[in-house]
Amino acid sequence: MSLQNEAIRQDKERLDLEGSYYALLVGLFGKISGYAEKHLNVSFNSIDNLDIDQFKSDFKKILNNLYIKTQSSSYQEIVNFILEDEQNNTIKNRVNKINSLDNENNIINNLFYILATTKTDIKSYNDSYINQEQEVSLGKYIANSIKDNAGNRSGLIAQQNVGIAYESQKYNISNVAMLELSNIYNKTWVTVGDNKVRHAHRLADRKKTNINNFFIVDDEKLLYPKDMSNGATIGNTINCRCITVYTKVN
C-alpha cells in the first residue's frame, strides 16, 4: 500500500471514532446554550465573568474518553505495523503510562483553544445583537446562535482530538519500542494528497526525519501532525488529515 493510500485509509478509519463523540459534544454545546440563555438576559459585561468550571469539567471527561477509546481500539494495529513480527509484553504497559500523561497535556491544550474560541464566538454574537434589532433577549439570541453552530464545532473538536490521540500513540509506541527493542525509527510526514491539503503541509509531504526530531512546518515545530505541544498554532493543526508513517532503520 502506498503512503498516500495509507493516509487516506487512516483518515477514513478515524471518521467512525469521530462520529461516536459527535452527539456528546453537540449535547455539551447545548448545555452552554442553556447557560447563556439563563444568565445573559439582563446584561453582558464579559464572558470571562461567567462560571464555566462545569463546562471545563464536562469537556475534560468527554475528551479523555475519546482519547482512551481511540488509543485502545487502534493499539494492536499500530503495534503490528510498527513492530512487524517483534513482540514485547512490557511495551503496552509503558505506552499506556506515557499516553496517560500525554493525553492530559493534549486535553489541556485543546481545552484552552475550545474555550477561547467559544468566548470569541459569544462576544461576536453579543456584538451582533447590539448592532441589530432583535425581537428576543440577548441570552436567547446567543443561545440560539450557539445551537446553530453546535454541529460544526462538535465535528471539528472530535476530528481534531481523535487525530491527536491516534498520532500521539504511534509516536509513543515507536519511542517505547526504540527503548525496549533497541530499534531505531524514522518518521515520514504524509498528506492525503488532495486539493484540500494546505500549502505548508504539501511542502512537508514525504519529509523524513529521526523519530525524536521535529518536523518544521510553516516555521513551526511539530512532532507529528496536529501536535500542539511545542506551540504550533491552530492554523497549522486544525482540520489537518496528515499522518506519520514510522519505518525501522536497523
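Just give me the residues in the stretch 178-199 being of a type in the set (Val, Ile, Thr), under 22 Å from the mean Cα position of the chain (by Cα) and farther than 16 Å from Glu167 by Cα, in sequence order.
Val197
State whether the residues of the stretch 200-213 include one that is within 17 Å of the chain's Cα centre (by Cα) and part of a strand (DSSP E or B).
No, that holds for no residue.
Here is a list of conditions, (1) over 24 Å from the mean Cα position of the chain (by Cα); (2) at pLDDT 90 or above; (3) of a type in the set (A, V, I, L, M), and Val136 meets all of them except one; can you say which number that is?
The failed condition is (2).
Could you tell me which numbered condition Ala177 fails, if it satisfies all but one of (1) part of a helix (DSSP H, G or I); (2) at pLDDT 90 or above; (3) more than 30 Å from Val26 (Cα to Cα)?
Result: Ala177 fails condition (2) only.
Does any residue of the stretch 90-112 turn out to be modelled with pLDDT under 85 and closer than 26 Å to Arg241 by Cβ?
Yes, the stretch 90-112 has at least one match.
Which residue out of Tyr75, Tyr141 is part of a helix (DSSP H, G or I), among the aromatic types (Phe, Trp, Tyr) and within 30 Å of Tyr246 (Cα to Cα)?
Of the residues listed, the single one that is part of a helix (DSSP H, G or I), among the aromatic types (Phe, Trp, Tyr) and within 30 Å of Tyr246 (Cα to Cα) is Tyr75.
Return the pair list, or none, for Cβ contacts closer than 7 Å from residues in the stretch 163-187 that are more than 26 Å from Arg241 (Cα to Cα) to residues that are acidic (Asp, Glu), at least 6 apart or on different chains.
Final answer for the pair search is Leu181/Glu86.
Under 9 Å between Cβ atoms, which residue pairs at least 6 apart in sequence (or on different chains) link something in the stretch 5-31 that is closer than 12 Å to Asn161 by Cα with a partner that is surrounded by fewer than 16 Cβ atoms within 10 Å (Cβ to Cβ)?
Leu17/Lys69; Leu17/Ser73; Tyr21/Asn65; Tyr21/Lys69; Tyr22/Gly151
For Glu84, state whether it is at pLDDT below 90 and among the charged types (D, E, K, R).
Yes; evaluated as a whole, the condition is true for this residue.
Could you please let me know if Asn230 is free of Cβ contacts under 8 Å to residues at least 12 places away in the same chain and assigned to a loop (DSSP other than H, G, I, E, B)?
no
Can you confirm whether Ala177 is buried (at least 19 other Cβ atoms within 10 Å of the Cβ) and either over 25 Å from Ala116 (Cα atoms) or acidic (Asp, Glu) (or both)?
Yes: the conditions hold for Ala177.
Report the residue count in the stretch 218-250 for those that are of a type in the set (D, E, K, R) and closer than 19 Å to Gly193 by Cβ.
Number of matching residues: 3.
Checking the structure you have, find out if any residue of the stretch 214-234 is on the phi > 0 side of the Ramachandran plot and within 17 Å of the chain's Cα centre (by Cα).
Within the stretch 214-234, one or more residues are on the phi > 0 side of the Ramachandran plot and within 17 Å of the chain's Cα centre (by Cα).
Has the stretch 55-72 got at least one residue that is under 20 Å from Gln10 (Cα atoms), at pLDDT 80 or above, small (Gly, Ala, Ser) and touching a Phe, Trp or Tyr at 6+ places or on another chain (Cβ under 7 Å)?
No, there is no match, as no residue in the stretch 55-72 is under 20 Å from Gln10 (Cα atoms), at pLDDT 80 or above, small (Gly, Ala, Ser) and touching a Phe, Trp or Tyr at 6+ places or on another chain (Cβ under 7 Å).
Among the residues of the stretch 189-200, which ones are closer than 15 Å to Ile8 by Cα and of a type outside the set (Gly, Ala, Ser)?
Selection gives Trp189, Val190, Thr191, Val192, Asp194, Asn195, Lys196, Val197.
Hey, among the residues in the stretch 33-54 that are surrounded by 14 or more Cβ atoms within 10 Å (Cβ to Cβ) and not in a helix (DSSP H, G or I), which one's modelled with the lowest pLDDT?
Across the stretch 33-54, the extreme among qualifying residues is Phe44.
Within the stretch 144-155, is there a residue that is farther than 22 Å from Tyr35 by Cβ, assigned to a helix (DSSP H, G or I) and either acidic (Asp, Glu) or touching a residue at least 12 places away in the same chain (Cβ under 8 Å) (or both)?
no
The values are calculated or read from the model by the stated rules, or taken from the named source; none is laboratory data. Since the model is a prediction, treat every value here as computed from it, not as a measurement. Every residue, glycine as well, gets a Cβ built from its backbone with ideal geometry; the counts of neighbours run over all protein chains shown.
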